[in-house]
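Undergrad: Attaching a single structure in structure tokens format; questions to follow.
Every number here is computed from the coordinates shown, using simple stated rules; none is lab data. From a predicted model like this one, the values you see are computed outputs, not experimental measurements. As a convention, Cβ positions derive from the backbone with ideal geometry for all residues, glycine included, and neighbour counts pool all protein chains shown.
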Amino acid sequence: LRYGIPEYRLPKEIVDNDISYIQELGVEIQTNTPVKDLGEIFNQGYKAIFLGIGCQESMKLRIPNEEAKGVIYALDFLRLVNSGVKISLGDRVAVVVGGGSVAIDAARVSLRLGAKEVHLVCLESRDLSSKDRMLAQDREIAEAEDEGLIIHPCLGPKQILTKEAKVVGLKTIICTSVRDVNGRFAPRFAEGPAPTIEADTIIVATGQRPSKVIFKEIEKGPIQTIKVDPTTLHTNVEGVFAGGDVVSGPADVIAVITAGKQAAISID
Ligand SMILES: Cc1cc2nc3c(=O)[nH]c(=O)nc-3n(C[C@H](O)[C@H](O)[C@H](O)COP(=O)(O)OP(=O)(O)OC[C@H]3O[C@@H](n4cnc5c(N)ncnc54)[C@H](O)[C@@H]3O)c2cc1C
């Protein structure tokens, strides 16, 4: 909440108020405490554990030169900005890859940091009635365009262009279809003239998933989401519950609060 969602969408004061309210109810919060071993928590005398660890790993583009200087993942970018780190995009051109809400947030934050131009390249269509429409909400797309965002729909990233290991542009490829007849993500591409966009920074916003290496004893699904009983949110490990993005994949605040309440009932 604090490090992903930009201030203009969710003011930190609101987050602080909610945290104070939870503390007043008697919850003790330990920050800067990464948990690596669930057994250690049970050894401290706790009877149940709720895993609400979210989706912390950014999906990679898997195209040439992704490791170049100037490529940054949207979560890392927003985390830096939300932590108060001074990033200047001043006279630089940023390209955001992705068509969802996180991509739009990264693009709008780039514009607000003063980037000279911000381009958004996405597989999806700008036609919001299409089956292949952009995933971001209509209103946020319109607001971003009003702020100056240039959207390049129906394009995929093909290659990051570099000079001396530093980003200088993005070569694209035409995307003819994003989802199959069953609505599954199955992008199809076609050869043909597609633009190359000059850029100093490429922000990758093509999705997140739970960390691969965490809590090996917990049963996981295809993108490392934790498997739970849909009613109790209990995992395969006795006394361990899970909910929120780490179970559903990236969702929204209301859905994860609902999961927290649902798990609390089971734990009780
Ligand atoms: C850029 C962006 C914009 C968004 N905008 C909106 C919006 O406008 N409206 C909306 O409803 N939703 C929005 N969302 C989605 C929303 O933020 C998430 O759905 C929600 O925060 C998920 O909550 P969660 O508790 O499951 O996980 P998270 O909020 O990701 O929290 C997980 C927490 O677990 C901690 N953690 C992870 N691993 C460990 C470990 N091993 N030990 C200890 N702690 C650990 C993390 O540090 C983090 O504090 C946005 C998301 C992003 C990224």
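Undergrad: Taking the Cα atoms only, what angle lies between the long axis of helix 101-112 and the longest principal axis of the chain, rounded to 10 degrees?
TA: 60
Undergrad: Quick check on segment 134-200: take the gyration tensor over C-alpha atoms, sort the square-rooted eigenvalues as a ≥ b ≥ c, and tell me if it's rounded (a/c under 1.5), prolate or oblate.
TA: It is oblate, given that a/c is not under 1.5 and a/b is not larger than b/c.
Undergrad: So how much slack lies between LEU128 and ASN32, counting 0.36 nm per residue of separation and subtracting their Cα-Cα distance, in nm?
TA: Working: separation 96, 0.36 × 96 = 34.56 nm, distance 4.16 nm.
Extra length from LEU128 to ASN32 when fully extended: 30.4 nm.
Undergrad: Which order do the peptides 35-46, 101-112 come out in when sorted by mean C-beta neighbours inside 10 angstrom, highest first?
TA: 101-112, 35-46
Undergrad: By the gyration tensor of its Cα atoms, with a ≥ b ≥ c the square roots of the eigenvalues, what is the shape of segment 171-268: rounded for a/c under 1.5, prolate for a/b over b/c, or oblate?
TA: Judged from the Cα gyration tensor, segment 171-268 comes out prolate (a/c at least 1.5, a/b above b/c).
Undergrad: What order, most packed first, do the peptides 56-65, 116-125, 195-204 have when packing is the mean number of other Cβ atoms within 10 Å of each residue?
TA: 116-125, 195-204, 56-65
Undergrad: Give the residues of segment 112-127 whose amide nitrogen is closer than 13 Å to a point set 7 Å from the Cα of ILE87 in the direction of its Cβ.
TA: Output list for this probe position: 112-115.
Undergrad: Follow-up. Report the net charge of residues surrounding ALA48, where surrounding means a beta-carbon distance below 12 angstrom and charges are Lys +1, Arg +1, Asp -1, Glu -1.
TA: That sum, taken over residues with Cβ under 12 Å, equals -1.
Undergrad: Once you list every other residue whose beta carbon is under 13 Å from the beta carbon of ILE29, what net charge do they have if Lys and Arg are +1 and Asp and Glu are -1?
TA: Taking every Cβ under 13 Å from that of ILE29, the sum is -3.
Undergrad: Next question, about the same structure. If r is the Cβ-Cβ distance from THR231 to ILE150 and R0 is 41 Å, what FRET efficiency results, to the nearest 0.05? Mind showing how you got there, number by number?
TA: On the way: r = 46 Å, r/R0 = 1.13.
FRET efficiency, THR231 to ILE150: 0.30.
Undergrad: Continuing with this model, one more query. Can you tell me the orientation of helix 253-267 relative to the chain, as the angle in degrees between its alpha-carbon axis and the longest Cα principal axis, to the nearest 10?
TA: 20
Undergrad: Could I ask something else about it? Report the label-to-label distance for ASP76 and PHE189 in nanometres (one decimal), using points 7 Å from each Cα along the Cα→Cβ vector.
TA: 2.2
Undergrad: Another question, then. Straight-line reach from LYS86: which lysines have a Cα under 19 Å away, not including same-chain ones fewer than 8 places off?
TA: Leaving aside lysines fewer than 8 places away in the same chain, those within reach of LYS86 are LYS12, LYS69, LYS116.
Undergrad: Roughly how many whole Å is it from the C-alpha centroid of segment 253-268 to that of segment 101-150?
TA: For segment 253-268 versus segment 101-150, the Cα centre distance is 32 Å.
Undergrad: With a/c under 1.5 counting as rounded, go ahead and sort the chain into rounded, prolate or oblate using the C-alpha gyration tensor (a ≥ b ≥ c being the square roots of the eigenvalues; past the cut-off, prolate if a/b is larger than b/c, else oblate).
TA: Judged from the Cα gyration tensor, the chain comes out prolate (a/c at least 1.5, a/b above b/c).
Undergrad: Can you tell me which of GLN137, GLN208, GLN159 moves the most in a GNM of the chain? Springs connect C-alpha atoms under 10 Å apart.
TA: GLN137
Undergrad: Can you compute the helix-only [θ] at 222 nm over the chain? Use -39500 (n - 2.57) per DSSP H run of at least 4 residues, normalise by all residues, nearest 500 deg cm²/dmol.
TA: -7500 deg cm²/dmol
Undergrad: Let me ask something else about it. Please report how far the C-alpha centroid of segment 177-227 lies from that of segment 1-51, rounded to the nearest whole angstrom.
TA: 28
Undergrad: Within the P(r) computed for segment 58-207, what percentage of the Cα pairs occupies the region above 22 Å?
TA: 35
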